[in-house]
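Novice: Below you will find the structure I want to go over with you.
Please treat every number below as a calculation from the coordinates, not as lab data. All values derive from a computational prediction rather than experimental measurement. Please note: Cβ atoms are built from the backbone with ideal geometry, for glycine as well, and neighbour counts cover all protein chains shown.
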Amino acid sequence: MGSPKFGQEFDQFVNDLQKKVDQKDKQDFSAYALDLGNHPRHHGPLSPLETTVKHTWRGPCGDAITFYLQIVEDQIRNLSFESDGCITSDMAASQTAMLAIHKTLTEAKALTDGQVIAALGKFPSASFHCATLAITTLHQAIDKYSDMPRTDKLE
C-alpha cells in the first residue's frame, strides 16, 4: 500500500490538473456552451410512441449523433438526441435541437452549422465540425422523413 502522503500528493495533483482543464475550457468556450456540455437539453431518446423518425449519422471524426423527431403536420413538435462522441458533439447537438424544435421542416432544413456555432457563443474552431455533424444529422433525419411513404408517417 502507498503512503498517506503519496495519496495526498496525488489528490493535489489531480485537483491542480482539473483547475487547469477548467481554466482552459473557460478560455475556449462560452459559459453557455459549457452549461450545455454539463447539462445537455433534449438529451435521450423520445419514446417509440412519440418518435416519427429516428436517424443516426457518424461523421468523419468518428462521432455519431442520433436524432429522434416527432413530426406533426410538417412541424417538429418534439425532438431529442443521443451521441457517442465528445462533449462538443453533445453541445452542438443540444443547440441544434433547441434551434429546430417547433420549426417547420422547411425552417429546420434551412438551419446551418454557422447558426449553431453562433448560438453557442465562444466555441473553438477545432470543434466546428461538431456543429456540422449535428446539423447534417438533423437534415438527414428530415430527408428520411420526407422519403417515407405517407402511410408510415405519424400525422
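Novice: Name the helices (complete DSSP H segments) of the chain with a Cα length along the long axis of 15 Å or more and a Kyte-Doolittle mean of at least -0.5, or state none.
Specialist: In the chain, the long hydrophobic H runs are 87-100, 128-147.
Novice: FRET efficiency for Leu49 and Ala110, Cβ-Cβ distance as r, R0 = 22 Å, nearest 0.05?
Specialist: According to the calculation, E is roughly 0.15.
Novice: Given 10 °C and 1.306 mPa s, how large is the Stokes-Einstein diffusion coefficient of the chain in µm²/s, with Rh as the Kirkwood radius over Cα pairs?
Specialist: Calculated translational D: 94 µm²/s.
Novice: Give me the one-decimal nm value for the distance between modelled label points at Met148 and Lys19, 7 Å along each residue's Cα-to-Cβ direction.
Specialist: Computed distance between label sites Met148 and Lys19 equals 5.3 nm.
Novice: Quick check for the chain: number of Lys pairs with alpha-carbon distance under 20 Å, counting only pairs 8 or more apart or on different chains?
Specialist: 13
Novice: Between Gln75 and Arg41, what length comes free when the chain is fully extended (0.36 nm per residue of separation minus the Cα-Cα distance, one decimal in nm)?
Specialist: Extra length available between Gln75 and Arg41 comes to 10.3 nm.
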